[in-house]
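Asker: Sharing a structure, written as structure tokens. Questions coming.
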Amino acid sequence: MNISESFYSDDHFFVLGLCALLGRELIDAHFIIVDLDSTSAVHHISPSFLTLSGKEIVAFASSDAAYYKAEMFGSMTVLDKNSTLQDLLDFFMFKRAQSMYKTRRKLTPREKEVLSLMTCGKKSKEMASALGINNKTFYTHRKSLMIKLQCRNMRALQRFFIA
């Protein structure tokens, strides 16, 4: 649901809450807000989207998976949906924090590479070959990703990261 062109979220209460806290005028004038937990909202993000808007893009995440998906798009500020009201006001009004989302589980550089390749929709053998590793090692990295990102199975991981 989009109340304005500044919001990309399916969560009506999230949008209304931010509008009530900050004011729609402030948001519309300076920011684009992306709810990373909203699957349809995330599909609007692309590298061209990030540069064409002319506004600061602020993303909200409540999970590590959502945070790492945002990280793959490049430079954007990611805030934790569970931030206090004071932290949010400090960020939007005074720019006191660059990013307030702290991951619970860190991905290794290799796991980030695997994740990046997985979003392209390639087959396992192609990804293993591109990384210069054998299939068994690739599956180990993928299993580690599933555990760290709390995805129960491959389908859940693919649903979240592949458009």
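No value in this document is a laboratory result; all are computed from the given coordinates. Worth saying up front: this structure is predicted, and the values here are computed from it rather than measured. Positions of Cβ are backbone-derived with ideal geometry, glycine not excepted, and every protein chain shown enters the neighbour counts.
Asker: In this model, which of 81/125; 102/123; 69/122; 69/136; 55/123 are farther than 28 Å apart at the alpha-carbon? Mind dumping the intermediate values first?
Answerer: On the way: 81/125 37 Å; 102/123 31 Å; 69/122 17 Å; 69/136 25 Å; 55/123 37 Å.
Correct reply: 81/125; 102/123; 55/123.
Asker: Would you work out which of 157, 133, 117 lies farthest towards the positive end of the dipole of segment 109-161, given +1 charges on the beta-carbon of Lys and Arg and -1 on that of Asp and Glu, about the Cα centre?
Answerer: Checking the options against the dipole of segment 109-161, the answer is 157.
Asker: How big is segment 60-157 by the Kirkwood estimate over distinct Cα pairs, in Å? Could the numbers behind the result be given before it?
Answerer: Working: mean 1/r = 0.0672 Å⁻¹.
So the Kirkwood estimate lands at 14.9 Å.
Asker: Still on this structure, I have one more. Once you have the Cα-Cα distance between residue 84 and residue 30, take 0.36 nm times their residue separation minus that, and quote the gain in nm to one decimal.
Answerer: Details: separation 54, 0.36 × 54 = 19.44 nm, distance 2.13 nm.
Difference between extended and current length: 17.3 nm.
Asker: Further question on the same structure: To the nearest 0.05, how large is the calculated FRET efficiency for residue 126 and residue 10 if R₀ is 35 Å and r is the Cβ-Cβ distance? Present the calculation step by step, with values, prior to reporting the outcome.
Answerer: Working: r = 33 Å, r/R0 = 0.93.
With R0 = 35 Å, the Cβ-Cβ based efficiency is 0.60.
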